[in-house]
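The values are calculated or read from the model by the stated rules, or taken from the named source; none is laboratory data. Because the structure is a prediction, the values reported are computed rather than measured. Positions of Cβ are generated from backbone atoms using ideal geometry, with glycine treated the same way; all protein chains shown enter the neighbour counts.
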Amino acid sequence: MTVLGKERAKDFEAIYAGVSGLLDRHQGDPDSRAFNAFLFAAKMATEGILSALDDGKPVISYNLGGIPELLLALGENENEIFPFAMEKVVALQSLVGDSNYNMESIDLAEAQGMSSDVCSTDRATIGNLSKKILPESLCSVFVTAPCDSQTVAAESIKEITAKDVFMIDIPHLHGEREINYVAGQLKEEIKFLEEKSGKKLNWDRLKEVCAESNRMIDQALEWLELRKTVPCPQTSKMLSTMYILLQDGSGTKGGTWVASEFAADAKERVLAGKSAAPGGEKIRAIWFGSPTWYNIGFYEWMENELGMVVPVDMFSYVVPEMYVDTSTPETILHDLARKQIFMPMGRHFTGAPEYFVDDLLRAVSDYKADCALFAGHVSCKHAWGIIGLLKEALREADVPLLDFEFDLFDPRITSTETLQEQFRRFAHDVVLPRLNR
Amino acid sequence: MPNQEKVTAGVDIGSSTSKAVILVGGKIASYAIGPSSVSPTKTAHLVFQQALSSAGIHREQVTYTVGTGYGRAKVEFADENVSEISCHAKGAHHLLAEVRTIVDVGGQDTKAISINKSGLVMEFAMNDKCAAGTGRFLDFMARSMGLEIKDMVQMHFQDGYPAMISSMCSVFAESEVINLINEEVPLPSIIKGLHKSVANRISTLIRRVGVENEIVMTGGVAKNNGVVETLENILKCRFVTLPGNVDPQIIGALGAAVIGFEKDQSLQSRTENAGNNRGTQQAQF
């Protein structure tokens, strides 16, 4: 089948125009340095898709939860393969403010029999595949993280594209035994990729790619350290972009540059004593769960109206376990496996409840938060499944919790207005009286 | 004037009924409950005036008034508005310091509120976009059966098993009730079934915040012993009784008045401190 066509190019050009327009609008805004860097990266990523399509460059797709390092090291020369994070289009459509586009894709997937229980990110991606707007791949690489929806999506993608899908099983626990289990699968993945692409893995390049990934982690950790400052220096909406950066930009100079801009912006703002909340920071909240991608402006509303800032969320929870020791091919595969397991969201949703609960409690303590927000994406059944344990742990720690139901890409589940009302009540009835603010 | 004589008021404008409570020195002096009208502003004036008259107090004597409830923004004479969640928590904690869970079932919404030992709200859950599990649901059903709510309460305690009402939605439940009547199912059974439906809905909300003793029920539906008994059986617990025969329907207004009392005290204390500080400064310089 061919998925190359004018319809697809038109869609990507619309995203390109949208991202470029946003960038032009924010270009002169000194408060938007970090976000501009992300927009610039989104623009470059869209350009990358368009030129891959124009040049007929071989594409290998990977899913939400995956990382691109192995794909970036395929072939003798740089950029012989275009690694394509399939769900990126859904995020980019939301970024440019076109929720209708994603809703149409979601509906299309459902009309074709995809269960409405499957994550909307995957439903929208399946819809996009059916619309034939995604670049045709030689094959796809999937991980069973961050959630069970990935398994369903992989099967559907295999059927729609009639191309092979390599599936990496992410185990329930995250110890050394499990890391070695994933490292073993990465070896199999390399064989699969070499066979499908006809290109050998370049181990020297993989070393360079992983070193570049490490530089991005350096920047991300520094950025998070700066965000611990009270008041939080930088707008909360930046957090949700970190996951896309990790997924799409790891191992690339562009990705490291964006992360360094995040950190530089945060540092600049800390030194200038700037706060993410224009009227003053009143509440520090840890947001665990999916972000409100369908309306990324929601975070600014929180900051402006409630003085509520989010210094860290689940999507941005980068940890030192994501570093890769580049000494030998064995250490590289071992640590890439560990990075894969410890990716934010995947680490929290694929595994024992403690990974989610403990990280949240640690974040509350490290970032001096006043409360926690359980952002319950309707498809995250694994997350909703531990809500009782989470409530119990937070109650014991005397941390107020707001749990709310919504869909990260589909505003039809919970509207912005309904969320706002829930946040207002939580702020005014629960958190502020405790803080006497 | 000493604090004990301070007069504060709470006015709760609900969707079905409106309530006002007058506190003198932090203690209930009077209260009034009346139907809400299409004009929340007029309703607020009316119910406030009734409570004032009942206590023999002039409006000018009230030092701080707090508005709450669905129509709180329309209590134009209030010094401030506070949400009904905070007010129910405050009112219940004021009367019963041991209470940790409050379930308020009003005309339009149902709230389950978890509070800590200081009376601060820890968590809440509410249904505010559906009549299921609210007083309005029971009103609809009473109307379908040509009964008054008080008749339903009385009939609940007559013999009979609860009929199966499978739908929580008031529209569908009404159809079910009509079918049951046509099938000549005895009214007490239908009423028990309806109370079970409401109690099931309320219990899911309470479980969201966690069932922690002591539990108290507030709001108009708390006066319906049929619902109270059914809910207690579902939750396998007993609700604590409000002391001194306080009407459970006024807890929101009471909480508002208590918040007003605390605010008034705090304002007075700040004024006195400012005065004292000025005095100190004058003495020093």
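Counting only helices (runs of 4 or more DSSP H) that fall entirely inside segment A:63-169 and contain at least 1 residues that are closer than 19 Å to residue A:377 by Cβ, the qualifying elements are A:88-95, A:99-111, A:120-130, A:149-161.
Residue count for segment A:141-170 satisfying the condition of being touching a residue at least 24 places away in the same chain (Cβ under 8 Å), farther than 14 Å from residue A:122 by Cα and not basic (Lys, Arg): 10. For segment A:345-356, check the following and say yes or no: at least one residue is farther than 28 Å from residue A:226 by Cβ, more than 14 Å from chain B (Cβ to nearest Cβ), surrounded by 22 or more Cβ atoms within 10 Å (Cβ to Cβ) and aromatic (Phe, Trp, Tyr). Taking every residue of segment A:345-356 in turn, none turns out to be farther than 28 Å from residue A:226 by Cβ, more than 14 Å from chain B (Cβ to nearest Cβ), surrounded by 22 or more Cβ atoms within 10 Å (Cβ to Cβ) and aromatic (Phe, Trp, Tyr).
Taking the stated definitions as given, is residue A:287 buried (at least 22 other Cβ atoms within 10 Å of the Cβ), in a helix (DSSP H, G or I) and assigned by TED's automatic domain parsing to the domain that holds residue A:429?
no
Looking at this structure, is residue A:315 in contact (Cβ under 8 Å) with a residue 40 or more places away in the chain, part of a strand (DSSP E or B) and under 29 Å from residue A:233 (Cβ atoms)? Here the answer is no, as residue A:315 does not meet what is asked. Scanning segment B:142-154 finds no residues that are more than 14 Å from chain A (Cβ to nearest Cβ) and under 30 Å from residue A:387 (Cα atoms). From the list A:335, A:358, A:366, the one residue that fits, being charged (D, E, K, R), without any contact (Cβ under 8 Å) to a residue 24 or more places away in the chain and over 30 Å from residue A:93 (Cβ atoms), is A:358. The listed residues are B:75, B:38, B:24, B:105, and the only one of them that is among the β-branched types (Val, Ile, Thr), out of contact with any His (no Cβ under 8 Å at 6 or more places or on another chain) and closer than 12 Å to residue B:253 by Cβ turns out to be B:75. Residue B:197 meets all of the listed conditions (1) in a helix (DSSP H, G or I); (2) under 30 Å from residue B:20 (Cα atoms); (3) within 21 Å of the chain's Cα centre (by Cα) but one, namely (2).
Picking from residues in segment B:130-140 that are assigned to a helix (DSSP H, G or I) and buried (at least 24 other Cβ atoms within 10 Å of the Cβ), the one that is farthest from the other protein chains (Cβ to nearest Cβ) is B:138. Select from segment A:174-191 the residues that are over 18 Å from residue A:328 (Cα atoms) and among the basic types (Lys, Arg) and write down the one among them that is surrounded by the fewest Cβ atoms within 10 Å (Cβ to Cβ). Across segment A:174-191, the extreme among qualifying residues is A:177.
Among the criteria (1) more than 19 Å from the chain's Cα centre (by Cα); (2) within 14 Å of chain A (Cβ to nearest Cβ); (3) of a type in the set (Val, Ile, Thr), the one residue B:185 does not fulfil is (2). Listed by position, the strands (runs of 3 or more DSSP E) contained in segment B:24-129 that have at least 1 residues being within 14 Å of chain A (Cβ to nearest Cβ) are B:62-68, B:101-105, B:110-115, B:121-127. Only residues that are crowded, with 17+ Cβ neighbours inside 10 Å and either within 14 Å of chain B (Cβ to nearest Cβ) or without any contact (Cβ under 8 Å) to a residue 12 or more places away in the chain (or both) were counted across segment A:369-403, and they come to 17. When we screen B:131, B:78 for residues that are closer than 23 Å to residue B:43 by Cα and free of Cβ contacts under 8 Å to residues at least 40 places away in the same chain, the only hit is B:131. The set of residues in segment A:416-437 being within 11 Å of chain B (Cβ to nearest Cβ) and either surrounded by fewer than 15 Cβ atoms within 10 Å (Cβ to Cβ) or in contact (Cβ under 8 Å) with a residue 60 or more places away in the chain (or both) consists of A:421, A:424, A:427, A:431, A:432, A:434, A:435, A:436. Please indicate, with yes or no, whether at least one residue in segment A:203-215 is assigned by TED's automatic domain parsing to the domain that holds residue A:259, polar (S, T, N, Q) and either touching a residue at least 12 places away in the same chain (Cβ under 8 Å) or closer than 23 Å to residue A:326 by Cα (or both). Yes, segment A:203-215 contains a residue that is assigned by TED's automatic domain parsing to the domain that holds residue A:259, polar (S, T, N, Q) and either touching a residue at least 12 places away in the same chain (Cβ under 8 Å) or closer than 23 Å to residue A:326 by Cα (or both).
Whether any residue in segment B:205-219 is in a loop (DSSP other than H, G, I, E, B), without any contact (Cβ under 8 Å) to a residue 60 or more places away in the chain and either of a type outside the set (A, V, I, L, M, F, W, C) or at positive phi (or both) is what I want to check. So far as segment B:205-219 goes, no, none of its residues is in a loop (DSSP other than H, G, I, E, B), without any contact (Cβ under 8 Å) to a residue 60 or more places away in the chain and either of a type outside the set (A, V, I, L, M, F, W, C) or at positive phi (or both).
Yes/no per residue for (1) surrounded by fewer than 16 Cβ atoms within 10 Å (Cβ to Cβ); (2) modelled with pLDDT under 95; (3) among the aromatic types (Phe, Trp, Tyr):
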| residue | (1), (2), (3) |
| --- | --- |
| B:184 | yes, yes, no |
| B:193 | no, yes, no |
| B:196 | no, yes, no |
| B:200 | no, yes, no |
| B:209 | no, yes, no |
| B:214 | no, yes, no |
| B:248 | no, no, no |
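Against the list (1) outside any helix (DSSP H, G or I); (2) basic (Lys, Arg); (3) over 30 Å from residue A:389 (Cβ atoms), the condition residue B:238 fails is (3).
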